[in-house]
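First the structure, in the form of structure tokens, and then the observations on it.
The values are calculated or read from the model by the stated rules, or taken from the named source; none is laboratory data. It should be emphasised that the depicted structure is a prediction, and the values quoted were computed from it without experimental measurement. When we count neighbours, we look across all protein chains shown, and the Cβ atoms used for this are built from the backbone with ideal geometry, even at glycine.
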Amino acid sequence: MNNQTLFISVLNRGKAEQVLSEMRIFGLTGGVVLLGEGTVSNRFLEILGLEETQKDIVILPIEEKYENAVHEMMLENFNIDRKRSGIAFSIPMSRFGRVSNLAADQRFDPACFDHQCVFVVVEEGQGKEVMQKVRQIGETGGTILHGRGAGVPADTYFPLNIEPQKDIVMLLVENDAVKPIKQCLMQEMGFGLPGKGIVFSLPVSRITGGYQA
């Protein structure tokens, strides 16, 4: 089985089609485009009501051999190393899919990676509250997606159904921040109680782009 990564990019609204077009140069087709809101920690913008920006989130499984080339393409064509231009990252997934039981030496150890992507699933409208809570412990930026319930084919990598009326908050953080975030949400938003929310994290193998707006 070829090693795979899940490539995710967060860009300003209207860029998704261009990203998918550039991917075809590598022979990569398909992908999912989601709409989201970027959040920034800036008191002046919050006063003006401009702290949120509309985002396109492109999600595409790719072979690991294309990972570096795709990230370099994002730098060259979308300038995501510039402030508020976007961000791209990869989640290793070569052991996902149809394999359900793995030997210890086949599992990914998050400690091997410097960063993780934390996903928080809450009721619609609570995404902003999640961001407020994690900012209290020093995390400043994230992306809020809105779940509207859509099934996916059974042979895709992540056969996950998101029920309608959900906010999905996506945070890119260093490994050391994952545990404090989970503890914060447990204490401040009652994630230990049924129906309050779900938080989980996945390792990130590469991040391109110095800023997430």
Q. Yes or no: residue 201 touching a helix residue (DSSP H, G or I) at 6+ places or on another chain (Cβ under 7 Å) and at pLDDT 90 or above?
A. yes
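Could you list all residues from the range 173-188 that are in contact with an Asp or Glu (Cβ under 7 Å, 6 or more places away or on another chain) and in contact (Cβ under 8 Å) with a residue 60 or more places away in the chain? Give the steps one after another, and end with the answer.
Of the range 173-188, the ones in contact with an Asp or Glu (Cβ under 7 Å, 6 or more places away or on another chain) are 173-175, 177, 181.
Once the filter is applied, which keeps residues that are in contact with an Asp or Glu (Cβ under 7 Å, 6 or more places away or on another chain) and in contact (Cβ under 8 Å) with a residue 60 or more places away in the chain, the range 173-188 yields 174, 175, 181.
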Q | Residue that is nearest to residue 20 (Cα to Cα) [pool: residues in the range 64-75 that are surrounded by 15 or more Cβ atoms within 10 Å (Cβ to Cβ) and among the charged types (D, E, K, R)] | A | 67
Q: Only residues that are at pLDDT 85 or above and closer than 24 Å to residue 131 by Cα: list them for the range 15-61, please.
A: 33, 34, 35, 36, 37, 54, 55, 56, 57, 58, 59
Q: Could you tell me whether residue 178 is modelled with pLDDT of 90 or more, closer than 21 Å to residue 208 by Cβ and part of a helix (DSSP H, G or I)?
A: yes
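When you scan the range 1-17, how many residues do you find that are surrounded by 12 or more Cβ atoms within 10 Å (Cβ to Cβ) and either free of Cβ contacts under 8 Å to residues at least 24 places away in the same chain or part of a loop (DSSP other than H, G, I, E, B) (or both)?
Restricting attention to the range 1-17, the residues satisfying the condition of being surrounded by 12 or more Cβ atoms within 10 Å (Cβ to Cβ) are 3-13, 15-16.
Right, trim to either free of Cβ contacts under 8 Å to residues at least 24 places away in the same chain or part of a loop (DSSP other than H, G, I, E, B) (or both) and you get 3, 13, 15.
Total satisfying the criteria: 3.
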(Q) Take residue 160 and tell me if it is modelled with pLDDT of 60 or more and either assigned to a loop (DSSP other than H, G, I, E, B) or within 18 Å of the chain's Cα centre (by Cα) (or both). (A) no
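Yes or no: the range 64-79 includes at least one residue that is out of contact with any Cys (no Cβ under 9 Å at 6 or more places or on another chain) and at pLDDT below 90. Can you show your working first?
Step one: of the range 64-79, the residues out of contact with any Cys (no Cβ under 9 Å at 6 or more places or on another chain) are 64-79.
Narrowing the set further to residues that are at pLDDT below 90 leaves 64.
Among the residues of the range 64-79, at least one is out of contact with any Cys (no Cβ under 9 Å at 6 or more places or on another chain) and at pLDDT below 90, which makes the answer yes.
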